[in-house]
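Data first, discussion second: the structure below is written as C-alpha cells.
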Amino acid sequence: MGKSSATKDAEALVNSLRSAYTATPTNLKIIDVYVLFAIFTAVIQVYMAIVGSFPFNSFLSGVLSCIGTAVLAVCLRIQVNKENKEFKDLPPERAYADFVLCNLVLHLVIMNFLG
Amino acid sequence: MGKLLGILILTLLCICEAAIFRPISDSHRSAALDLFTPKHASFKSLEETYEALRTFEVLGIDQQPDIKAATCKSVVDTLRSPSSALKDLFQALRVNGVLKCELNEETFSGIASRLKDFVKTASSLIDYYYSVGSLVLIKGQTSEVDVHLGGADSVFRAIKALSQSDGRWRYSSNNPESSTFAAGIALESLAGVISLASSEIDHSLISLVKNDISKLLDGAEKYDDGAYYFDQKPVDAHGHQSPLSASSAVVRGITAFATVSDEDLNLPGDKILGLARFFLSVGIPGSAEDLFYQLDALASVENNRVSIPLILSLPAAVLSLTRKDQLKVKVNTVLGSAAPSLSVKLKQIFSSGSKDASIIDQDLKFDPENAVHFLDALPENIDAGSYIFSFEIVLHNPEDKKIYATGGRTKVPISVTGFVKVDHADVAVLDSDLGNVETQKRIDLAGDNTISLSANHLQKLRLSFQLTSPLGHSFKPHQAFLKLIHESKVEHIFVVGNSGIFFEIILDFLGLVEKFFYLSGRYDIQLTVGDAVMENSFFRHLGSIELDLPEAPEKAARPPPQPLDLSARFGPKAEISHIFRAPEKRPPKELSFIFLALVLLPFVGFLVGLLRLQVNLKNFPKASAPATFAILFHLGIAAVLTLYLLFWLKLNLFTTLKALGFLGIFLMFVGHRTLAYLASSSAKLKSA
C-alpha cells in the first residue's frame with residue numbers, strides 16, 4: 001500500500017501549515033526568524049555545556065539571555081499581529097518600544113551576571 | 001721524746017698555706033709604661049705626674065725629655081706664683097724632687113717662708129702633712145734655704161693630739177672618724193717634724209709615737225699565707241681609699257719615722273716582711289694609682305732601717321721528672337736587688353693529701369753567676385704529685401740578722417709532673433652469671449686502633465688497665481671516665497675505680513637497661529684519663545659496641561631531649577608550599593573557538609533568513625528631521641549595547657547605571673519621536 005493514513009495526515013498538515021504560513025505578513029516572519037535564531041543559540045550553548053560548564057554563571061547568563069530575548073520577541077509578535085483581537089488598540093510602535101526597552105533591561109542584567 | 005714533740009708541733013704548723021711571692025720584675029716595668037701614658041706629653045695634674053715619675057724612678061725607667069720639659073714648666077709656674085695653694089706647692093715640690101728642674105734660691109726661700117706661715121696656721125692633719133712635707137722636700141732639694149721649724153714641739157704635739165688609742169689617726173679635731181691612711185700620713189709628718197728640728201723634740205713624745213706604731217701594727221690583718229695588710233673603709237675624709245693605699249701610707253710613715261729617730265724602734269721584723277709580701281701578692285695592679293702605691297711602698301721597704309725583707313721565689317714551680325728539672329730558688333729584696341751572702345736549706349717536704357712530711361734538711365748549692373740556689377737532683381722518693389716544700393734562709397753574716405728579715409720557714413707549693421705508664425688495657429664482654437669471657441680484645445692506648453664489640457642486655461662489659469707512676473707506685477688520677485654515646489647523642493658517663501694500680505670497671509647491662517632508656521644500637525666508647533701532674537693525660541676513642549637491649553615498656557622514661565643544633569633553631573625554616581585553590585580547568589583553546597563559531601552560526605542563519613524574506617528599508621523615513629531621529633535612535637541602541645560591552649569588560653555596575661541613565665533618557669526621547677512619527681505616518685496610510 002502507500003503511506004499510512006497517519007503519515008498522510010501529517011503530510012496534509014504540514015502542507016496546509018506551509019501554505020498558511022506564506023500568507024503571514026513579512027513583519028511577523030522577521031520576528032519568527034529572530035526567535036528561531038535565539039532558540040538555536042540557546043540550544044547550542046546547552047549542547048556545549050556538556051563539555052564543561054565553567055564558569056557556570058556565564059553559561060546560565062548565555063542561555064537565559066537567548067531564552068529571554070526569544071520570549072520577548074514572541075510577546076512582540078503577539079502584540080503586533082493584526083489578527084489578534086486583544087491588542088487591537090495597541091499601536092505596533094508602542095509594542096516595539098516595549099520590546100526594545102525590555103531587551104535592554106534584560107541585557108543589562110545578563111551582562112552583570114556574566115561576570 | 002722532745003724530738004717527737006717538736007716534729008708533732010711542726011706538722012701541726014704546716015696547716016698554714018703556702019704561696020709563692022715574686023719580687024718586682026720586668027712585667028711591672030711594661031705595665032707601668034702601659035698604665036702611665038701621658039696625653040700630649042703631660043699628665044692631667046701634678047699629683048698624677050708625681051705618681052708616674054716616682055713609679056718610673058722606682059722601676060729604673062728613664063723619663064722622656066719632652067715630658068720633663070713640659071712638666072718642669074708647670075712646676076716652675078706653680079712654685080713661682082704667689083697665690084698657689086698649699087696642696088699645689090706640695091705636689092710641685094714632689095715632682096721637682098724627681099725631675100730636678102732649674103729653680104733658684106729666691107723661689108725656694110719665698111716658698112719656705114710661706115710654708116712656715118702655713119704650719120703655724122694649720123688646723124687639720126692634711127695641712128700639717130702638706131706644709132711639713134713641703135719643707136722636708138725643700139730641705140732635700142737645696143741646702144741653702146733655712147727650713148728650720150720654729151715651735152716644732154708644739155707642731156709635734158698638735159699632730160700627736162689627733163691620734164687615737166688603737167693607733168689610728170683622725171683628720172682633724174672636729175671630725176671623729178679615724179682612718180689608717182691618716183695614721184700613715186701622720187707618721188710621715190711627725191718624721192718630717194723631727195727631721196726639721198730634731199734637737200727640740202722631747203724624747204718622751206717619740207716613745208709615745210713608738211707605742212702608737214706598735215698598736216697600729218697590732219691592728220694589722222693577716223692572710224693565711226703570711227701577708228699582713230691594713231684594712232680601710234672605702235671612703236674616708238680624704239677621699240677614696242683602699243687597703244693598698246692605707247697599707248702603703250702606713251709603711252711609708254713607719255719607715256720614715258724609723259729613719260729619723262735615732263733609736264731602735266723594736267718593731268717586729270715579720271710584720272714588715274708580711275707587709276712586703278702583701279704588696280708583692282698584689283701582682284701587677286690594674287690601675288695606675290694602685291701601681292704607684294705598690295711600688296712606692298716597696299721602695300720605702302727596700303732600704304728601711306727597721307728590717308729589709310728578703311723574698312724567696314721560684315722561677316719555676318712546676319718540675320718535670322721526665323725532663324729531670326732541677327729545683328731552683330732565688331732570694332732577692334723586694335725590688336729584685338741582690339741579697340747578702342746566705343744559704344738556703346730545704347727542710348721539709350709535705351705531700352698534699354697526707355699529713356706526714358719527710359724531713360730533708362738539705363742545703364742547696366749556690367750558683368753565683370745566675371744568683372740561683374739549686375738542688376742537683378730531687379730527693380729519691382719524690383713521685384709525680386703536688387708537694388709543699390719548706391725552705392729556710394740562713395744568713396752567713398750574724399750582723400745581717402739585725403738588718404734583714406728572712407721570715408723563718410717559707411712554704412712553697414710545687415707540682416712535680418711525670419710520665420704515667422698506662423698498660424695492660426683490655427676490653428672484654430662477659431657472660432652474666434658465670435663471668436665467662438665471650439670476647440676479649442687488647443687495646444693499645446697509645447696507638448690509634450679501635451675495637452668493635454657486640455653485647456646484649458644479659459652480658460657485661462669490662463674495661464681494665466693499669467696506671468703506674470714514674471717511680472712505680474700506684475697513681476690515682478683526677479679523671480678516669482668511661483663514656484658511652486648512643487647514635488642519638490644520648491651520653492652516659494661512668495667513673496673507673498681502682499685498687500692500687502689496677503683500674504677496672506664492669507658495666508652490667510642488666511642493671512643499666514633502664515638508665516640507658518632501653519635504647520639499642522651502636523654506642524661509641526671513649527676513655528678519659530687525666531691529672532694535672534700527668535704529662536700524658538689522654539682522651540681516647542676506643543671503638544664502638546652494638547648493644548641489644550629489650551623493648552621499652554609503656555611506662556619507661558624517655559631519653560632526655562638532646563640540645564637542638566642552634567643553627568637549626570635559628571636558621572632558615574623549611575619552605576612553606578601554599579595550597580592555592582587550583583585554577584579550574586579551562587577547556588582547550590580550540591574548543592572555545594569551535595564553540596564561538598557554532599554560536600555565531602545561528603546569527604548567520606538569521607541574516608540569511610532575513611535576506612530570503614526580502615527585507616528592505618522602505619519604511620525608513622525620508623524627511624530629514626525624522627530621519628535624523630531614526631538614525632539617532634539606532635545609534636542610541638548601539639551605544640547602549642556598547643556600554644554593556646564595556647560594563648562586561650571593565651566598568652562596574654554603578655558607573656554603568658549612571659551612564660545608562662543618561663543614555664536611557666536620550667534614547668527614550670529619540671525613540672519616542674521616531675516611533676511617533678512612524679505611528680502617525682502609518683495612521684495616515686490607514687486612513688488614506
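Is it the case that B:Leu663 is touching a Ser or Thr at 6+ places or on another chain (Cβ under 7 Å), part of a helix (DSSP H, G or I), within 11 Å of chain A (Cβ to nearest Cβ) and within 30 Å of A:Ser58 (Cβ to Cβ)?
Details: touching a Ser or Thr at 6+ places or on another chain (Cβ under 7 Å): no; part of a helix (DSSP H, G or I): yes; within 11 Å of chain A (Cβ to nearest Cβ): yes; within 30 Å of A:Ser58 (Cβ to Cβ): yes.
For B:Leu663, the condition - touching a Ser or Thr at 6+ places or on another chain (Cβ under 7 Å), part of a helix (DSSP H, G or I), within 11 Å of chain A (Cβ to nearest Cβ) and within 30 Å of A:Ser58 (Cβ to Cβ) - is not met.
Would you confirm whether or not the range B:555-567 contains a residue that is within 14 Å of chain A (Cβ to nearest Cβ) and at pLDDT 75 or above? Spell out the reasoning first.
First pass over the range B:555-567, keeping only residues within 14 Å of chain A (Cβ to nearest Cβ): none.
Taking every residue of the range B:555-567 in turn, none turns out to be within 14 Å of chain A (Cβ to nearest Cβ) and at pLDDT 75 or above.
For the range B:219-228, indicate whether the set of residues that are assigned to a loop (DSSP other than H, G, I, E, B) and within 22 Å of B:Thr49 (Cα to Cα) is non-empty. So far as the range B:219-228 goes, no, none of its residues is assigned to a loop (DSSP other than H, G, I, E, B) and within 22 Å of B:Thr49 (Cα to Cα).
Within the option set B:Arg114, B:Arg94, being touching a Pro at 6+ places or on another chain (Cβ under 9 Å) and surrounded by fewer than 24 Cβ atoms within 10 Å (Cβ to Cβ) holds for one residue only, B:Arg114.
Among the residues here, B:Leu510 qualifies as more than 14 Å from B:Gly543 (Cβ to Cβ) and outside any loop (DSSP other than H, G, I, E, B). Considering the range B:458-485, the residues that are in a loop (DSSP other than H, G, I, E, B) and under 38 Å from the mean Cα position of the chain (by Cα) include one that is surrounded by the fewest Cβ atoms within 10 Å (Cβ to Cβ), namely B:His478.
Among the residues of this structure, B:Ile403 does not count as one that is aliphatic (A, V, I, L, M) and free of Cβ contacts under 8 Å to residues at least 24 places away in the same chain. In the range B:671-688, of all residues being more than 11 Å from chain A (Cβ to nearest Cβ) and among the hydrophobic types (A, V, I, L, M, F, W, C), the one that is farthest from B:Ala627 (Cα to Cα) corresponds to B:Ala688. Could you look through the range B:110-161, keep only residues that are hydrophobic (A, V, I, L, M, F, W, C) and part of a loop (DSSP other than H, G, I, E, B), and pick out the one that is nearest to B:Phe181 (Cα to Cα)? The selected residue is B:Ala122. Note on the range B:361-400: residues that are surrounded by 12 or more Cβ atoms within 10 Å (Cβ to Cβ), acidic (Asp, Glu) and touching a Lys or Arg at 6+ places or on another chain (Cβ under 7 Å) total 2.
If you go through the range B:60-108 and pick out every residue that is over 24 Å from B:Val119 (Cβ atoms), in contact (Cβ under 8 Å) with a residue 12 or more places away in the chain and part of a loop (DSSP other than H, G, I, E, B), you end up with 7. Per the conditions (1) of a type in the set (Val, Ile, Thr); (2) closer than 30 Å to B:Ala246 by Cβ; (3) assigned to a strand (DSSP E or B), the sole criterion not satisfied by B:Val334 is (3). If we scan the range B:174-193, do we find a residue that is of a type in the set (Phe, Trp, Tyr), over 18 Å from B:Leu162 (Cα atoms) and at pLDDT 80 or above? Looking through the range B:174-193, none of the residues is of a type in the set (Phe, Trp, Tyr), over 18 Å from B:Leu162 (Cα atoms) and at pLDDT 80 or above. Is it true that some residue in the range B:598-614 is out of contact with any Gly (no Cβ under 8 Å at 6 or more places or on another chain), modelled with pLDDT under 80, within 9 Å of chain A (Cβ to nearest Cβ) and not in a helix (DSSP H, G or I)? The answer is yes, given that some residue of the range B:598-614 is out of contact with any Gly (no Cβ under 8 Å at 6 or more places or on another chain), modelled with pLDDT under 80, within 9 Å of chain A (Cβ to nearest Cβ) and not in a helix (DSSP H, G or I).
Scanning the range B:568-596 for residues that are in a helix (DSSP H, G or I), at pLDDT 75 or above and loosely packed, with under 10 Cβ neighbours inside 10 Å returns B:Phe570, B:Lys589, B:Glu590. In the range B:533-541 there is no residue matching the filter, namely being touching a helix residue (DSSP H, G or I) at 6+ places or on another chain (Cβ under 8 Å) and within 30 Å of B:His424 (Cβ to Cβ).
Let's see how each residue does on (1) in contact (Cβ under 8 Å) with a residue 60 or more places away in the chain; (2) touching an Asp or Glu at 6+ places or on another chain (Cβ under 8 Å); (3) closer than 21 Å to B:Val533 by Cα:
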{"residue": "B:Val301", "(1), (2), (3)": "no, no, no"}
{"residue": "B:Ser307", "(1), (2), (3)": "yes, no, no"}
{"residue": "B:Leu314", "(1), (2), (3)": "yes, no, yes"}
{"residue": "B:Leu319", "(1), (2), (3)": "yes, yes, yes"}
{"residue": "B:Lys324", "(1), (2), (3)": "no, no, yes"}
{"residue": "B:Lys328", "(1), (2), (3)": "no, no, yes"}
{"residue": "B:Thr333", "(1), (2), (3)": "yes, yes, no"}
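The values are calculated or read from the model by the stated rules, or taken from the named source; none is laboratory data. Note that the structure is predicted; figures quoted are calculated from it, not measured. We place every Cβ from the backbone using ideal geometry, glycine too, and count neighbours over all the protein chains shown.
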